[in-house]
């Protein structure tokens, strides 16, 4: 072509581009070619975690009818010769990976006779074939097996490594196989046109495009797109903290499972209509709904979700098998008081911006951001969303009925992925999840919550995100039943219940401390004696009495004695700083401080509060009557009266005193008797400080 490029027709320009790509690529070497950015990421993952099948793309076809096995094998061999990538292996030279294309390759098609095996055994065999990892240094990185069920029924099991293909490529493989098989059966020439370029040409061109930005005087289109992503994805959160059932492993395992669901045709139509009303696509609406669910689950306002684009906008790549797919990151700021319709507009604008900057490889963005890499999770996003809205491409083989089967998935590339499909019967979806993070029941609940959110959005798109319902009717009923916890609580105070025990089981052991053993009768009598003495000292119902005692039998006796007087005890921890203890004494306006020698820690200095040393006045206390509390010369407190005053830690400011009623203390002990459950034969070890 001697005429200026500006005068060329679009078709001539495409032809010229193809020729240039091939010429530039062939100049590299006849032996090796650079990897595309996406290929390089998968190659590095394989080096870190070799032997995994997580990046194996599976396909299973049931072929019913008189299959010509040799013709099928010939068709597959022809496809391998047509696409260099199917004869490609990956080598390493001086630490750098390269792809190397073999001129010819023997692509076997083993036939396994499973005609006598059960369906379960067949499925096990399929899983074994699909789970077998590839060695990237050995071509071909695609395996086909034929499983014979009987003379008229075969299963074609295809496994192809993601480093040489994407799901678009899988459809191309099946389409070309059908075309070549049909032509061979009818003895027609191969109907497929010559490919203008090979994948190695594309990988070389992509590298040159990215390298050109370093040599250009003015910012290139790639420079401008990369600058957008650096702004859009600055300061990424470390992780999307979904509530998991298991602790995250130190190294990502990729073990996974799937949970399918379907939306009703009516709800599907309402959601599509809602998207149209807001000038959004179904993808944008479903992504906004999914990010709403993630916000409600994590309470994180900065939600990152990944998705993919086919990246085949050039005619030369549309019929080429290879890894072209590119990841995009959709970052959304979510708040609970935000109407969903407003969030949808934000997601719409984010998506449109992402699509207009989709040419930069995801791997180049990650490198430019210099984010920390972790073996435990994926970089930038851990959750993926994809909407499959391309009509399923059907193909036929002569005299054969073809049925695509869905192989069971045992891997997961992300913590959580949601794939949704537009079908004639409405929207369907599949959650793929990491089984080392989530239980199946957790994902089943998540499916119900997502459907509930979608229904609420369709009903009222202006609802605030934080108010959208999540619980299914079954969960709502379960929540109601869980909250039906009303119990008949004895209208008795704790010291009265202990006095009852002293009457019905006087000799039963109530308290053990070191060498001291007290029966219920002895405990109650000693508490009565101290209570009488306290009232003689002026303690009245409602008085506040501070207790600064270490763990001991005297501590329990004193607690009961204060309760019997109707006073309120204020527990102090002798190990606390003196300033803290003095503050509590002054703030609580206590009438008396009960302690023993050596446990005041100096808090009594410069204090005008009366002090009762139990050791010093023990002789006076033991002379008091030990008759039951009902005979004390004072009325007993009611269940609504305060029993004790407990102070907060003060971590957020000044400590505050919180009064606890007698009925609350009785309720606590009553609930402990039911859960975890206590009987008269149980012994409880007191391990908490009296302050709690």
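Here residue 565 meets the list (1) out of contact with any helix residue (DSSP H, G or I) (no Cβ under 8 Å at 6 or more places or on another chain); (2) closer than 14 Å to residue 643 by Cα almost entirely, failing just condition (1).
Considering segment 482-496, the residues that are surrounded by 14 or more Cβ atoms within 10 Å (Cβ to Cβ) and farther than 13 Å from residue 557 by Cβ include one that is nearest to the chain's Cα centre (by Cα), namely 489. The single condition among (1) without any contact (Cβ under 8 Å) to a residue 12 or more places away in the chain; (2) assigned to a loop (DSSP other than H, G, I, E, B) that residue 609 does not meet is (1). Residues of segment 562-581 that are modelled with pLDDT under 90 and either under 44 Å from the mean Cα position of the chain (by Cα) or not assigned by TED's automatic domain parsing to the domain that holds residue 626 (or both): 573, 575, 576, 577, 580. The strands (runs of 3 or more DSSP E) falling completely within segment 64-127 that include 3 or more residues that are more than 27 Å from residue 398 (Cα to Cα) and in contact (Cβ under 8 Å) with a residue 60 or more places away in the chain map to 88-93, 96-101.
Within segment 515-529, can you find the residues that are under 55 Å from the mean Cα position of the chain (by Cα), in a helix (DSSP H, G or I) and farther than 14 Å from residue 564 by Cβ? Selection gives 520 alone.
Listed by first and then second residue, the pairs with beta-carbon distance under 7 Å, at least 6 apart or on different chains, first residue in segment 672-685 and free of Cβ contacts under 8 Å to residues at least 12 places away in the same chain, second in a helix (DSSP H, G or I), are 678/672. Restricting attention to segment 78-104, the residues that are within 37 Å of the chain's Cα centre (by Cα) and surrounded by 15 or more Cβ atoms within 10 Å (Cβ to Cβ) add up to 8. Against the test of being under 43 Å from the mean Cα position of the chain (by Cα), within 21 Å of residue 86 (Cβ to Cβ), at pLDDT 95 or above and not in a loop (DSSP other than H, G, I, E, B), the options 180, 173, 230 yield a single qualifying residue, 173.
Just one of the listed residues (200, 190, 178) is in contact (Cβ under 8 Å) with a residue 60 or more places away in the chain and crowded, with 20+ Cβ neighbours inside 10 Å, namely 200. Going through (1) within 21 Å of residue 61 (Cα to Cα); (2) assigned to a helix (DSSP H, G or I) one by one, residue 204 falls short only on (1).
Taken as a whole, the structure places residue 373 among residues that are farther than 30 Å from residue 62 by Cβ, within 26 Å of the chain's Cα centre (by Cα) and without any contact (Cβ under 8 Å) to a residue 60 or more places away in the chain.
Here residue 536 meets the list (1) surrounded by fewer than 20 Cβ atoms within 10 Å (Cβ to Cβ); (2) touching a strand residue (DSSP E or B) at 6+ places or on another chain (Cβ under 7 Å) almost entirely, failing just condition (2). All but one of (1) surrounded by fewer than 15 Cβ atoms within 10 Å (Cβ to Cβ); (2) touching a helix residue (DSSP H, G or I) at 6+ places or on another chain (Cβ under 9 Å); (3) within 30 Å of residue 589 (Cβ to Cβ) hold for residue 512; state the number of the condition that does not hold. Residue 512 satisfies every listed condition except (3).
Here the condition is being within 55 Å of the chain's Cα centre (by Cα), surrounded by 17 or more Cβ atoms within 10 Å (Cβ to Cβ), at pLDDT 85 or above and closer than 17 Å to residue 525 by Cβ; of 557, 584, it holds for 557 alone. Which residue is surrounded by the fewest Cβ atoms within 10 Å (Cβ to Cβ), if the candidates are limited to segment 105-138 and must be in contact with a helix residue (DSSP H, G or I) (Cβ under 8 Å, 6 or more places away or on another chain) and either farther than 23 Å from residue 174 by Cβ or at pLDDT 95 or above (or both)? If we take residues in segment 105-138 being in contact with a helix residue (DSSP H, G or I) (Cβ under 8 Å, 6 or more places away or on another chain) and either farther than 23 Å from residue 174 by Cβ or at pLDDT 95 or above (or both), then 111 is surrounded by the fewest Cβ atoms within 10 Å (Cβ to Cβ).
When you scan segment 439-457, do you find a residue that is touching a residue at least 12 places away in the same chain (Cβ under 8 Å) and more than 26 Å from the chain's Cα centre (by Cα), even just one?
Step one: filter segment 439-457 for residues touching a residue at least 12 places away in the same chain (Cβ under 8 Å), giving 439-440, 442-457.
Next, only the ones that are more than 26 Å from the chain's Cα centre (by Cα) stay: none.
Checked against the condition, which is being touching a residue at least 12 places away in the same chain (Cβ under 8 Å) and more than 26 Å from the chain's Cα centre (by Cα), segment 439-457 yields no hits at all.
The values are calculated or read from the model by the stated rules, or taken from the named source; none is laboratory data. No experiment lies behind these values; they were computed from the predicted model shown. Positions of Cβ are backbone-derived with ideal geometry, glycine not excepted, and every protein chain shown enters the neighbour counts.
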